[in-house]
Amino acid sequence: MDQLFAGTSLAPFVPYMYLAGGLGVLILCGNWLVTGSVQIARHFKISTLVVGLTVVAYVTSAPEMFISIGAALNNAHDIALGNVIGSNIANIGCILAIVVVISPIPIRNRKIGFDYLVMLSVTVLLLLFGFNGTIGTAEGISLVVILISYTAWSVIKSRRCASSKDIEAPTVKPLIALSMILAAVIGMYFSSGWFVEGARAIALQWGVSERVIAVSIVAVGTSSPELISSLIAAFKGENDLAIGNIIGSNFFNIAGVLGVTTIVRPLAVNSHSMFVSDMAWLFGITIALLLTMIPLSKGKINRWEGGILMLIFGAYMFILYR
C-alpha cells in the first residue's frame, strides 16, 4: 500500500488508512471472538469468567506475541520488553478505562480476586527476573510452566463447579463456534498488524525512541483486540468476560508472550532505570485496578473510577513524551 500511494497526494494519509482499516476489521473479528468463545464455554460447561481469563485473553494477546518474538529475533529488545509492559499498562489505564466509561462493569464473581493475585504475582516475577539486566531462558520456561498450570487448573475447577443452572445452553454448534474463533484470530493477526504499522509510522514522524514507541503506540495498538472484545462483551452483558479478558491478557502477556519470547531468545534490559520506572507505573495502575473492584462480590467499576484509571494512563503518556 505504501508503494501504491508513494509520490501521490495521498501518501501522508497512508498511516491513517492503515489505522482505520485495522480498526474496522478488529471490530468485526472482536464480535466473532466473543460470540464463539461464549458458545464454546457453554458447550464444555466452563464459566464465562474462565473463558475470558483464558481463551479470549490469550487470543487477543496474539499481536503482542508476534510483535515481541519478531522484535527479539531482530535484537530490538526494548520493543519486545516494552511491548509487554506497555500493553499491560494500556489494558488497564486505556482499554478497561474506556470500556468502563462507556459501560460500567459490575463485579459479581469472587473468584476474580484469586485471578487478580495470579496476575499480580507474575508481575512481581517480571520485576525480579529483569532486575539483574537479563531475562533468560530459564525464567522464560518457568513463566510458561506457570501459564500451563494456571490454565489447566482454571478449566478443571470451572468444570467441577459448573451446574446446569449457572451456564446457559449453547445456541451455536461447536464446529461453527470454533470456526468463528479461528476466523477472528486470523483477522486480528492481520488487522492488528495494519493498526501497529500505521501507529508506528506516525510515531516515527515525531522522532521518539523505540522504547517510547513500544510502551505507548505499539502497546496500545496491540491491545486494540482487547478493547474491541471487552467492549462487545460489556454491551452483550457478558461482564465476567469483559473484566476477565483484561486480567487474563495481562497475565498472558507476561507468562505467555514474555515467557515464549525469552525461550526463543533471552532479552537484555538495556536501561535499568527505565525498566524500573515503567514497572513502577505498571504496579501503580494494577493496584488502582484492585481498588476499583472492591468489594469483589458486590462491587462495580463505575465511570468515575474508569476516569481515574484513564488519568493515570494519561499522566504516564505525558511523562513519556514530554
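Bear in mind that the values in this text are calculations on the coordinates, not laboratory data. In this text the structure is predicted, and so the values were computed from the model without any measurement. Ideal geometry is used to build each Cβ from the backbone, glycine not excepted, and the neighbour counts take in all protein chains shown.
For Thr134, nonlocal amide neighbours, meaning residues 5 or more places apart or on other chains whose placed amide H falls under 5 Å from its own, are Val269.
Which residue fluctuates the most in the chain, going by a Gaussian network model with Cα springs under 10 Å, if the choices are Ser230, Ser103, Ser179? Checking each option, the largest mean-square fluctuation is seen for Ser179.
Straight-line reach from Lys300: taking Cα to Cα under 20 Å and skipping same-chain neighbours fewer than 8 places apart, the lysines in range are Lys111, Lys236.
With each run of n ≥ 4 DSSP H residues scored as -39500 (n - 2.57), what mean residue ellipticity at 222 nm is computed for the chain after dividing by its residue count and rounding to the nearest 500 deg cm²/dmol? Provide the component values of the computation, followed by the final result.
Numbers: 17 runs with 231 residues, N = 322.
Taken over the chain, the calculation gives -23000 deg cm²/dmol.
Highest GNM mean-square fluctuation among Ala255, Ala72, Ala183, for the chain modelled with Cα contacts below 10 Å: Ala183. Compared with the dominant principal axis of the Cα atoms in the chain, helix 272-293 is inclined by about 30°.
Specify the angular offset, from 0 to 90 degrees and rounded to the nearest 10, of the alpha carbon long axis of helix 62-73 from the longest principal axis of the alpha carbons in the chain. Between helix and principal axis, roughly 40 degrees.
Roughly speaking, what % of Cα-Cα pairs in the chain are separated by over 26 Å, rounded to a whole number? Before the final figure, lay out each step's value.
Details: 22728 of 51681 pairs.
Of all Cα-Cα pairs in the chain, 44 percent lie more than 26 Å apart.
By per-residue mean of other Cβ atoms within 10 Å, what is the highest-first order of 76-82, 258-264? Intermediate values should be presented prior to the final figure.
Working: 76-82: 24.6, 258-264: 23.0.
Top to bottom by mean Cβ count within 10 Å: 76-82, 258-264.
Give me the angle, in degrees from 0 to 90, between the Cα long axis of helix 224-235 and the longest principal axis of the Cα atoms of the chain, rounded to the nearest 10. On a 0 to 90 degree scale, this one is about 30.
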